[in-house]
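Every number in this text was worked out from the coordinates using simple rules, so none of it is lab data. Note that the coordinates shown come from a computational prediction; the quantities given were computed from them, not determined experimentally. No Cβ is skipped: glycine too gets one built from the backbone with ideal geometry, and neighbour counts run over all protein chains shown.
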Amino acid sequence: MKRYLIAAFFGVLFTGTAAWALESRKVDMDGDGFREADVLYEGGRVVRAVVDNDRDGRADGTIFYKAGRRDHAELDTNRDGKIDSWISYYFTGVPWRVIEDLNRDGVPDYWSYLKNGVLYRWEQDRNRDGMPDIRTTYDVATGKKTLVEQSLDDDFDGIFENMSNLTAANREAAVPHSLAEALLR
């Protein structure tokens, strides 16, 4: 009986006769005539979109959806065939976190946190252990991005010891030079 139920379940799944069967469509996302996305639907809702922006036949990124809304994305920003950026979205579709692997070792080393699309904190891993050891925080309440504080974990134990309020003289040194920030401006 158990084998029959499993076979029946997989038979329905693979034949696509169920109401929740997956459907795939090629989509021209920017109206230029090139169908750069393969969008997967389940029950009429978008589940995933695989995007090829540079038209080379390889996916540049995948956007995942929950309940028809963007949830997170995985991107290959340097086009080397490996995922190097991960974006998490609020239910509204606005990004709230961008994680990047800037040194191409497969481990995240740069985190950007956003409120309403505005960067309010970034973190960086300097010693390649997968844990942030620099944290910079901005005050965005006034509508301007004002640098407030930078915290350092100089002994790489996971605890930020060196915290300083930044002055105008050392603010430029603390400004991130990340691909994520450049993309989100």
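State the extension gain, in nm to one decimal, for the chain segment bounded by N116 and D129, taking 0.36 nm per residue of separation less the distance between their alpha-carbons. Before the final figure, lay out each step's value.
Numbers: separation 13, 0.36 × 13 = 4.68 nm, distance 2.98 nm.
Computed gain between N116 and D129 is 1.7 nm.
Report the full-extension gain for the segment T92 to M163: residue separation times 0.36 nm, less the Cα-Cα distance, to one decimal in nm.
Values: separation 71, 0.36 × 71 = 25.56 nm, distance 3.38 nm.
The T92-M163 span can extend by a further 22.2 nm.
Take the cross-link list K26/K82; K26/K145; K26/K115 and give me the ones stretching past 31 Å between alpha-carbons.
Numbers: K26/K82 23 Å; K26/K145 40 Å; K26/K115 33 Å.
Among K26/K82; K26/K145; K26/K115, the Cα-Cα distance tops 31 Å for K26/K145; K26/K115.
Work out Dmax and Rg for segment 116-156 from the C-alpha atoms and quote the Rg first, both in angstrom.
12.0, 35
Roughly speaking, what % of Cα-Cα pairs in segment 54-140 are separated by over 19 Å, rounded to a whole number?
Numbers: 1750 of 3741 pairs.
Result for the distance tail: 47 percent.
Can you tell me which of 112-122, 29-39, 58-68 comes out highest on packing, and rank the rest after it, using the mean Cβ neighbours within 10 Å?
112-122, 58-68, 29-39
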